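The values are calculated or read from the model by the stated rules, or taken from the named source; none is laboratory data. These numbers come from a predicted model, not from an experiment. Using ideal geometry, Cβ is built from the backbone for each residue, glycine included, and neighbour counts are taken over all protein chains shown. Side chains are part of the model used for accessible areas, which takes the heavy atoms of the whole protein and leaves out ligands, DNA and RNA. Shrake-Rupley method; radii C 1.70, N 1.55, O 1.52, S 1.80 Å.
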Amino acid sequence: MRKIIGTIALAFVAVVAFSGFGIFGGKYNMISAEETATLIRESKPVSLVDIQVEKEFNAEHLKGAIPTYAYPVKSDEEKAKLDSAIAKLGKDEPIVIVCPRGGGGAEKAYDYMVSKGIAKERLFILAKGQQGWPRDKITDVLVKP
């Protein structure tokens with residue numbers, strides 16, 4: 001019985017400890033495709049910062065997206081590409097970061113933008129990224145060649 005209680009307590013501590021590091025989604029603000037599409041359709045003030053590589057961006061992107069080609073946001077050159085997008089952003093509108101799958105590259109872009117003084121409350125990562133976009137349900141805000 002003590003082993004079971006100890007295991008449960010250890011698991012609880014791990015969940016609480018790791019949740020602060022984004023492992024369980026606590027560190028980053030996420031936004032769904034549906035919510036993003038609504039912002040675009042209603043012409044709400046929003047900046048879509050797309051970090052996909054050029055080939056992927058040209059194959060498909062969201063209407064109004066700012067192309068940066070900064071993926072995977074590891075090198076100084078890739079971060080400099082984000083700097084040009086940051087210079088184009090308004091002061092108050094939400095910023096949606098679009099990456100291929102909504103994972104590591106988007107998180108690096110998010111962290112970099114925070115380091116440049118952008119408030120976390122304004123930053124969102126498109127859940128599942130461009131590859132996870134529900135094309136069977138939402139097509140009106142997509143740009144394809």
Fill in the blank from the handout: In order over segment 108-121: 3J(HN,Hα) from phi, Karplus 6.51/-1.76/1.60, θ = phi - 60°, whole Hz, x for each Gly or Pro, gives 5, 4, 4, 4, 5, 5, 4, 5, 8, x, 7, 5, 4, 5
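Would you please classify the overall shape of segment 22-85 from the alpha carbon gyration tensor, given that a ≥ b ≥ c denote the square roots of the eigenvalues, rounded means a/c under 1.5, and beyond that prolate means a/b larger than b/c while oblate covers the rest?
Values: a/c = 1.90, a/b = 1.20, b/c = 1.59.
The shape class here is oblate.
Between Lys44 and Ala87, take the C-beta separation as r, use R0 = 25 Å, and let me know the FRET efficiency to the nearest 0.05. Walk me through the numbers on the way to the answer.
Working: r = 22 Å, r/R0 = 0.86.
The pair Lys44/Ala87 has a calculated efficiency of 0.70.
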Practice task
Show Met113, Met30 ordered by accessible area, largest first, where the area counts protein heavy atoms only and the probe is 1.4 Å.
Solution key: Met30, Met113
Practice task
Return the long-range amide H neighbours of Leu48 (sequence gap of 5 or more, or a different chain), with a cut-off of under 5 Å between placed amide H atoms.
Solution key: Ile66, Val96
Completion exercise
Expected vector for segment 45-52, Karplus 3J(HN,Hα) from phi with 6.51, -1.76, 1.60 and θ = phi - 60°, integer Hz, x for Gly and Pro, equals x, 8, 10, 9, 9, 9, 9, 4
Practice task
Amide H neighbours of Leu123 under 5 Å, at least 5 residues apart or on other chains, H built in the peptide plane: list them.
Solution key: Ile95
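For each pair in Lys27/Lys81; Lys55/Lys144; Lys91/Lys116; Lys63/Lys144, compute the distance between the two Cα atoms and list the pairs where it is over 18 Å.
Numbers: Lys27/Lys81 24 Å; Lys55/Lys144 12 Å; Lys91/Lys116 13 Å; Lys63/Lys144 10 Å.
Where the Cα-Cα span goes over 18 Å, the pairs concerned are Lys27/Lys81.
With every protein chain kept in place and ligands, DNA and RNA left out, what is the accessible area per residue of segment 15-145? Probe 1.4 Å, answer in Å².
Accessible surface, normalised per residue, equals 53 Å².
Please tell me the relative contact order of segment 18-145 in percent, rounded to the nearest whole number, where contacts are Cα pairs under 8 Å and at least six residues apart. Display every interim value, and only then the final one.
Details: 215 pairs, mean separation 40.0, N = 128.
About 31 percent, as a whole number.
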